[in-house]
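Worksheet: the structure to be examined is printed underneath.
The values are calculated or read from the model by the stated rules, or taken from the named source; none is laboratory data. Predicted model, so just to flag it, every value in this text is computed and none were measured. We place every Cβ from the backbone using ideal geometry, glycine too, and count neighbours over all the protein chains shown.
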Ligand code: NAD
Ligand code: IPM
Ligand code: MN
């Protein structure tokens, strides 16, 4: 049965990288590997400019009616002066919340061909394969109270609140445990339980939940140490599970282990298996419009979409193999360029992946 995909390209490099991912989707559609219908909609700054709202109601409705959403990126300096409720980022957060996409999977895998592209020594990152499971609809991103208020003294006070309920922690930990059961069976829960009560509770809930997974080896780490360990000896990690904000920060850090933030895809899933798929990077305003952005994170996000929402694991594998093949051919966008390789632009990289699909 045909599956519905909603494409929301967004801002900055969003449309450039999504165009390459679309080529891959269309090639798989054309050769009969997948049966999809594709629609697009506005989000972020592009939606604000067109409709005065970073998440128009039609976009949310179309997303709810889809099996999967493919997103480029949102945001940029143009919209920074707007009130926070109108900023592009609010559109993305609204889509995540509106679809209930609480489980964000961010796999940091080093393609061996890119060992030289990492800023770390090749032996530190060789064979790297970490899955970061980030809670995505709770925590300090959504906690109340929040806002900026003016005190009687005239001074302003800014407030954000870290909030988790036990059930929110329990369900994200179980997602991490289920994933770990299909991998190395090791989960590191990252918190700040020495200082923050909310994450003290997080740790207790994780310990309770793991009782249902006797084969899982659960460890705990404070987030400051985890950031350091990711750079010191990243291969000690198999699956990491953490809060919304810690996961945001640690996944950018993990991305660099793989050579570039332009390599890291993600899947954001709800309880019904519906998902949104996006690279973990942003709209990269510094390189937008130049045709030099790396489209591989977005293309690999399509592979995650095929695996998690479209029940097409074989097609997903073909995409991942094609990416590996273009790296074997020595093609590199600027962010992963190294000596002796051939530098290509966004479109040439996308075309090469399509050509390598076998
Ligand atoms: P960013 O991820 O956009 O860029 C950080 C750096 O990485 C930049 O130097 C950029 O050129 C580079 N980079 C990112 N993606 C790349 C790619 N595919 N190929 C090559 N280089 C790439 O982060 P930022 O600069 O902090 O944020 C810019 C804007 O993006 C902000 O408005 C921010 O809110 C937004 N943002 C959006 C998302 C999202 O839509 N999911 C994620 C992060 C940031
Ligand atoms: C990400 C981004 C977003 C986040 C922003 C743009 C809302 O940084 O997807 O990693 O913080 O979740
Ligand atoms: Mn981020």
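A few points about this structure:
- Any chance residue 324 is surrounded by fewer than 18 Cβ atoms within 10 Å (Cβ to Cβ) and modelled with pLDDT under 95: no
- Scope the stretch 223-249; condition touching a helix residue (DSSP H, G or I) at 6+ places or on another chain (Cβ under 6 Å) and within 16 Å of ligand 1 (Cβ to nearest atom); matching residues: 244, 245, 246
- Screening 163, 190 for residues that are assigned to a strand (DSSP E or B), in contact with a helix residue (DSSP H, G or I) (Cβ under 9 Å, 6 or more places away or on another chain) and within 16 Å of residue 246 (Cα to Cα) leaves exactly one candidate, 190.
- Among the residues listed as 257, 264, the single one being assigned by TED's automatic domain parsing to the domain that holds residue 172 and within 12 Å of ligand 2 (Cβ to nearest atom): 264
- Flag if residue 285 is within 12 Å of ligand 1 (Cβ to nearest atom), assigned to a loop (DSSP other than H, G, I, E, B) and outside the structural domain of residue 108 (by TED's automatic domain parsing): yes
- Considering the stretch 340-358, the residues that are over 13 Å from residue 23 (Cβ atoms) and touching a residue at least 40 places away in the same chain (Cβ under 8 Å) include one that is surrounded by the most Cβ atoms within 10 Å (Cβ to Cβ), namely 345.
- Some residue of the stretch 48-65 being assigned to a loop (DSSP other than H, G, I, E, B), in contact (Cβ under 8 Å) with a residue 24 or more places away in the chain and closer than 27 Å to residue 320 by Cα: no
- Within the stretch 136-159, the residues that satisfy the criterion of being out of contact with any strand residue (DSSP E or B) (no Cβ under 7 Å at 6 or more places or on another chain) and crowded, with 16+ Cβ neighbours inside 10 Å are 137, 138, 139, 140, 141, 142, 143.
- Filtered residue count, the stretch 178-197, keeping only those that are over 24 Å from the mean Cα position of the chain (by Cα) and surrounded by 13 or more Cβ atoms within 10 Å (Cβ to Cβ): 2
Table: residues versus (1) closer than 27 Å to residue 261 by Cα; (2) loosely packed, with under 14 Cβ neighbours inside 10 Å; (3) outside the structural domain of residue 14 (by TED's automatic domain parsing).
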| position | (1), (2), (3) |
| --- | --- |
| 47 | yes, no, no |
| 56 | no, no, no |
| 61 | no, yes, no |
| 70 | yes, no, no |
| 75 | yes, no, no |
| 80 | yes, yes, no |
| 86 | yes, no, no |
| 89 | yes, no, no |
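- Test: residue in the stretch 29-43 that is in contact with a strand residue (DSSP E or B) (Cβ under 8 Å, 6 or more places away or on another chain), surrounded by 24 or more Cβ atoms within 10 Å (Cβ to Cβ) and at pLDDT 95 or above: yes
- Residues that are more than 16 Å from ligand 3 (Cβ to nearest atom), surrounded by fewer than 16 Cβ atoms within 10 Å (Cβ to Cβ), outside the structural domain of residue 250 (by TED's automatic domain parsing) and in a helix (DSSP H, G or I) occur at least once in the stretch 307-314.
- Residue 292 meets each of the listed conditions (1) buried (at least 24 other Cβ atoms within 10 Å of the Cβ); (2) away from ligand 3 (no atom under 16 Å from the Cβ) apart from (1).
- When residues of the stretch 219-270 are limited to those that are away from ligand 3 (no atom under 16 Å from the Cβ) and in a strand (DSSP E or B), the one surrounded by the most Cβ atoms within 10 Å (Cβ to Cβ): 241
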